[in-house]
Amino acid sequence: MTASELLQRIQRSVTASLVGMDSATELVLVSLLAEGHVLIEDVPGVGKTSLARALAASLGVAFRRIQFTPDLLPSDVTGSYYFRQRTSEWLFREGPVFAGVVLADEINRAAPRTQSALLEAMQERQVTIEGETRALPRPFLVLATQNPVELEGTFPLPEAQLDRFTLRLTLGYPDEEQEQEILREYATRTLRPADVVAGVSDIEAVIQESRSVAIEPDVTAYITSLVRATRSHPAIELGASPRAGISLYRGAQSLAALRGRAFVLPDDVKELAAPVLGHRLVLDQEASLRGRTPTGVIDDLLSRLRVPVER
């Protein structure tokens, strides 16, 4: 199975239970193939949890949902040891992080120490408990959600943790036709769970396929120039890190593979620039007061950079 075939199958499977999720599904698969994670920032009720559940069902991997709350402990995420009196031994009980797709719902509602429990898992794909390191299953994808409107009782994610997310996306409201279709589907009860269309071996194969996608030196230089330009822009206080450049590089490879190409185009880089870099940039106070946004600044940078052309 090729990456483009995987995308088509999963989109058909997700569409069977959700409406208007093709673009979001593609971006989540970009992160999956890049072996990264996704931050979904949107208002309640637009299908964030349903998308994660449908994607996990399509991939045939275990799905776990963690509802983040202020009283959630790190051990509630990673797992903990417990003492079995009958056999007088300590046993380990796996936490919900031991799954193929993990939904960290409303991640900004948990205290920072609980949020940080995901740092090692997301970066190293392992957790360390009581000095013992345990590997997480592969594939491993974290989908974290947060509500950008309601900020009362929340703990904003620090820059170090935001940098662990390969990309950030918003689902937005459906258009009028899509919303009518949603109502018809629920009224007639024809919604059904997503079908399993792939397995672990298929996912590993397309990940390797995406890694073999060619990137010309000029396109690599284009990515580097864009990332470095964020560090010198007058409206940006904190620019993108080298990890952001790696995410953009791997994301462009993954997007090209999903669209059936063996090479990356500059347009792939442009399309992923805002989802990959936007949440990593910190604007200075003056730019924020003037209403500038990271996405607007990225568009400004893209308009100034020379786009490589085919030799």
Quiz item: When both residues are 6+ apart or on different chains and their Cβ atoms are under 6 Å apart, which pairs have a first residue that lies in the stretch 20-48 and is free of Cβ contacts under 8 Å to residues at least 12 places away in the same chain, and a second that is assigned to a helix (DSSP H, G or I) and surrounded by fewer than 24 Cβ atoms within 10 Å (Cβ to Cβ)?
Solution: ASP22/GLN11
Quiz prompt | Selection within the stretch 258-287 - surrounded by fewer than 14 Cβ atoms within 10 Å (Cβ to Cβ) and either assigned to a helix (DSSP H, G or I) or polar (S, T, N, Q) (or both) | solution = ASP267, GLN285, GLU286
Quiz item: Which of the residues spanning the stretch 118-164 are closer than 18 Å to ARG64 by Cα and either in a loop (DSSP other than H, G, I, E, B) or of a type in the set (S, T, N, Q) (or both)?
Solution: ARG125, GLN126, LEU136, PRO137, ARG138, PRO139, PHE140, THR145, GLN146
Practice problem: Assess whether VAL46 counts as being in the same structural domain as ARG12 (by TED's automatic domain parsing), under 19 Å from the mean Cα position of the chain (by Cα), surrounded by fewer than 21 Cβ atoms within 10 Å (Cβ to Cβ) and at pLDDT below 90. | Solution: yes
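Condition check ((1) surrounded by 14 or more Cβ atoms within 10 Å (Cβ to Cβ); (2) modelled with pLDDT of 90 or more; (3) of a type in the set (Asp, Glu); (4) farther than 21 Å from GLU35 by Cβ) across all residues:
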{"site": "GLU89", "(1), (2), (3), (4)": "no, no, yes, yes"}
{"site": "PHE98", "(1), (2), (3), (4)": "yes, yes, no, no"}
{"site": "ARG125", "(1), (2), (3), (4)": "yes, yes, no, no"}
{"site": "ILE129", "(1), (2), (3), (4)": "yes, no, no, yes"}
{"site": "GLU132", "(1), (2), (3), (4)": "no, no, yes, yes"}
Quiz prompt | Lone qualifier among ARG192, ARG184 - being more than 24 Å from the chain's Cα centre (by Cα), at pLDDT below 90, assigned to a loop (DSSP other than H, G, I, E, B) and at negative phi | solution = ARG192
Practice problem: Could you tell me which residue of the stretch 224-243 is modelled with the lowest pLDDT, considering only residues that are under 13 Å from LEU302 (Cβ atoms) and not in a helix (DSSP H, G or I)? | Solution: HIS233
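The values are calculated or read from the model by the stated rules, or taken from the named source; none is laboratory data. These figures come from a predicted structure and were not determined experimentally. Virtual Cβ from ideal backbone geometry, glycine too; neighbours counted across all protein chains shown.
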